[in-house]
1. Of the conditions (1) over 27 Å from residue 146 (Cβ atoms); (2) within 16 Å of the ligand (Cβ to nearest atom); (3) assigned to a helix (DSSP H, G or I), residue 246 satisfies every one except a single condition; which number is it?
2. Any idea which of 27, 8, 22 is surrounded by fewer than 17 Cβ atoms within 10 Å (Cβ to Cβ), within 20 Å of the chain's Cα centre (by Cα) and either free of Cβ contacts under 8 Å to residues at least 24 places away in the same chain or under 30 Å from residue 168 (Cα atoms) (or both)?
3. Can you name the condition, by its number, that residue 261 falls short on among (1) part of a helix (DSSP H, G or I); (2) out of contact with any strand residue (DSSP E or B) (no Cβ under 8 Å at 6 or more places or on another chain)?
4. From the list 105, 128, which one is in a helix (DSSP H, G or I) and either without any contact (Cβ under 8 Å) to a residue 40 or more places away in the chain or out of contact with any helix residue (DSSP H, G or I) (no Cβ under 7 Å at 6 or more places or on another chain) (or both)?
5. Please go through region 92-118 and give me each residue that is modelled with pLDDT of 95 or more and more than 16 Å from the ligand (Cβ to nearest atom), ordered by number.
6. Which residues, counting only those in region 179-192, are within 11 Å of the ligand (Cβ to nearest atom) and loosely packed, with under 14 Cβ neighbours inside 10 Å?
7. Given the criterion touching a residue at least 12 places away in the same chain (Cβ under 8 Å) and within 16 Å of the ligand (Cβ to nearest atom), identify the matching residue among 68, 64, 77.
8. Would you pick out the residues in region 252-283 that are touching a residue at least 40 places away in the same chain (Cβ under 8 Å), within 16 Å of the ligand (Cβ to nearest atom) and more than 19 Å from residue 36 (Cβ to Cβ)?
Ligand code: DP6
């Protein structure tokens, strides 16, 4: 039995496009902040039965989610020459059903727990390479705080990994404005692949992503929040412009998304250091120094169409923890 916890992360410089789907290699680097409030706890048990089992938030999973996890477990199980099956139990510490369920925290926690269960000790870098095979953003959740994803080169899987930004001189917290309803948007894996194949802007986007990463790292190290805000909002909007330019266009924004973006910009004009980002969905994440978090969260809460606001500090990296089996439930 092995148990691990990992936190999701939100990108300030977005990952949107792969150079290899088979190895899940990103076309450019990215930058994120790991968030404490969005955590996943995962336990892996080995057994001699015939089937792998996956239970997420109390629900037994079959079909594609189970296949994706089985293929991931095989990356550790086959080299370990161990034929045992796994029983995976996973629980998210954030409200499910709000469209926040994250492959980042899920595959980071799973990478740590599965490696431990099969006795396959790995360095943090190797864990992040492994987590990347499950989901690109999961590589970043192996580490806490600000994290850079290195794109790497060619077909070399080990060349693309995440690493913590140890010399950042900005501290940020996040207010996550949960907005939106209606049919589920197209998932990020599918959305970015469709964009890569059909958007006339994609090459320009990838070239800009690499430049944005350098600019953002420089801003973090120079304690220049204005510069970080500009590059991060620019990266988010350019990613969405790329997706919208696909044929047919992929539109993640809803009315409330645009209103929340405007709220963040209005706050900034009034002197509050805050900036927004939006992933492959309608929710808006506002980044701000911890001392401004409550004010930003309250302003977003007052916005029409914002169902709730989750407040989060920066979180730690993925780690082994005690099992909760035999207890009330996840810690
Ligand atoms: C918009 O990591 O979910 O959140 O590698 O296909 O699993 P796969 O994609 P995923 O994509 C994340 C996209 C994003 C931007 C980001 O987190 O950088």
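1. Going through the list (1) over 27 Å from residue 146 (Cβ atoms); (2) within 16 Å of the ligand (Cβ to nearest atom); (3) assigned to a helix (DSSP H, G or I), residue 246 breaks only (3).
2. Of 27, 8, 22, the one residue that is surrounded by fewer than 17 Cβ atoms within 10 Å (Cβ to Cβ), within 20 Å of the chain's Cα centre (by Cα) and either free of Cβ contacts under 8 Å to residues at least 24 places away in the same chain or under 30 Å from residue 168 (Cα atoms) (or both) is 22.
3. Against the list (1) part of a helix (DSSP H, G or I); (2) out of contact with any strand residue (DSSP E or B) (no Cβ under 8 Å at 6 or more places or on another chain), residue 261 comes up short only on (2).
4. The match here is 128.
5. 112, 113, 114, 115, 116, 117, 118
6. If the condition is that a residue be within 11 Å of the ligand (Cβ to nearest atom) and loosely packed, with under 14 Cβ neighbours inside 10 Å, then 187, 190 are the ones that fit.
7. Going through 68, 64, 77 in turn, just one is touching a residue at least 12 places away in the same chain (Cβ under 8 Å) and within 16 Å of the ligand (Cβ to nearest atom): 68.
8. Within region 252-283, 252, 254, 257, 275, 276, 278, 280, 281, 282 qualify.
The values are calculated or read from the model by the stated rules, or taken from the named source; none is laboratory data. Computed from a prediction, not measured in an experiment: that's the story for all the values here. Here Cβ is always computed from backbone atoms with ideal geometry, including for glycine, and neighbour counts include all displayed protein chains.
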